[in-house]
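Student: Below is a structure I'd like to ask you about.
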Amino acid sequence: MDSFFLYLLTGANPRFQNIATEYYDLILQCNLIATIHRSNPAMAKDTVLIVEDDAALNEMLRFVLDRNGFSAMQSEDAQAADQCIARQIPDLVLLDWMLPGVSGIDYARKLKAHPLTADIPIIMVTAKGEEEDKVRGLDHGADDYVTKPFSNNELMARVRAAIRRVKPQRSGEAMSFENIHIDPESHTLQIGGKVVDIGTKEFQLLYLFLRKPERVYNRTQLLDQVWGKDSYVDERTVDVYIRRLRTVLEQNGHKNLIKTVRGVGYRLAAA
């Protein structure tokens with residue numbers, strides 16, 4: 001992204017804030033579309049954005065991520081991180097608290113406020129180990145918190161867990177239920193041998209239900225699993241997508257597959 005627009009986006013000149021924001025949105029949207037079209041979901045590595053001003057630690061994190069099967073993007077501050085995001089939307093951000101310029105806390109808040117980056121999990125990596133610091137980091141957008149010095153194995157476990165939470169369908173295999181066949185790698189749904197057109201969120205909801213038939217999910221659990229933690233989506237949004245999912249299923253011979261459990265949430269009726 002042009003450094004001039006990045007400069008405007010930081011708020012240095014409020015008169016041009018809207019112009020810079022629209023430009024940033026366009027870059028992100030174009031990048032997102034390009035990434036979808038050129039990637040193979042079955043083979044693509046999860047991408048982790050490192051935002052760390054300590055060059056030695058930044059390089060060490062890149063090495064550890066690479067050894068554990070991740071693709072890493074490296075940046076030393078919020079501005080460089082914006083440039084990375086403009087090229088590719090990451091699957092997770094490892095974010096240092098004490099950054100030059102915009103702090104990690106402020107940058108986490110900025111990412112969570114933008115619709116195209118709001119669902120990206122953020123792990124705060126910092127020397128600030130007091131309980132109040134951890135609470136502050138989590139309250140301002142971090143999904144997890146790792147204190148320096150840390151175990152590389154523990155950090156990688158936390159990275160994998162955070163990505164699984166927001167992309168549960170990516171870690172699963174194709175499965176069948178009655179005459180329904182769903183494949184998360186190719187993002188295809190077949191009912192009675194016919195390919196069915198279905199939205200992304202509806203697909204993720206159905207896959208979640210099919211993984212554990214008869215389990216009851218409340219709205220908060222569905223939001224965390226499908227939209228991601230700290231996505232700032234109203235719980236009633238779940239009801240809207242459940243209705244859409246039911247419509248797709250009813251049009252293909254499954255009228256009462258998704259049941260409402262009054263006062264609790266929703267479940268898939270296995271019988």
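Student: Taking the mean number of other Cβ atoms within 10 Å as a proxy for protection, how do you rank 84-97, 237-250, 254-267, 200-213 from highest to lowest?
Tutor: The peptides rank, most packed first, as 84-97, 200-213, 237-250, 254-267.
Student: Using the alpha carbon gyration tensor of the stretch 176-271, what are the three equivalent-ellipsoid semi-axes (square root of 5 times each eigenvalue), largest first, in whole Å?
Tutor: 21, 15, 12
Student: I would also like to ask the following. Can you send over the solvent-accessible area of residue 154, 1.4 Å probe, protein chains only, in Å² to the nearest 10?
Tutor: Accessible area of residue 154: about 80 Å².
Student: Calculate the spin-label point distance for residue 118 paired with residue 59, positioning each point 7 Å from the Cα along the beta-carbon direction, and give it in nanometres.
Tutor: That separation, rounded to one decimal, is 3.9 nm.
Student: Separate question: Please list, ordered by chain and number, the residues whose modelled amide H lies under 5 Å from the amide H of residue 145; skip anything fewer than 5 residues away on the same chain.
Tutor: Answer set, sorted by chain and number: 124.
Student: Let me ask you something else. Considering amide H positions built from the backbone, and no H for Pro or chain starts, which residues 5 or more places from residue 215, or on another chain, come under 5 Å of its amide H?
Tutor: 268
Student: Which sequence of 139, 106 reflects their accessible areas, 1.4 Å probe, from the largest down?
Tutor: 139, 106
The values are calculated or read from the model by the stated rules, or taken from the named source; none is laboratory data. Everything numeric in this text was worked out from a predicted model, so none of it was measured. Backbone-built Cβ (ideal geometry, glycine too); neighbour counts: all protein chains shown. The area values use the complete protein model at the heavy-atom level, side chains included, leaving out ligands, DNA and RNA. Shrake-Rupley method; radii C 1.70, N 1.55, O 1.52, S 1.80 Å.
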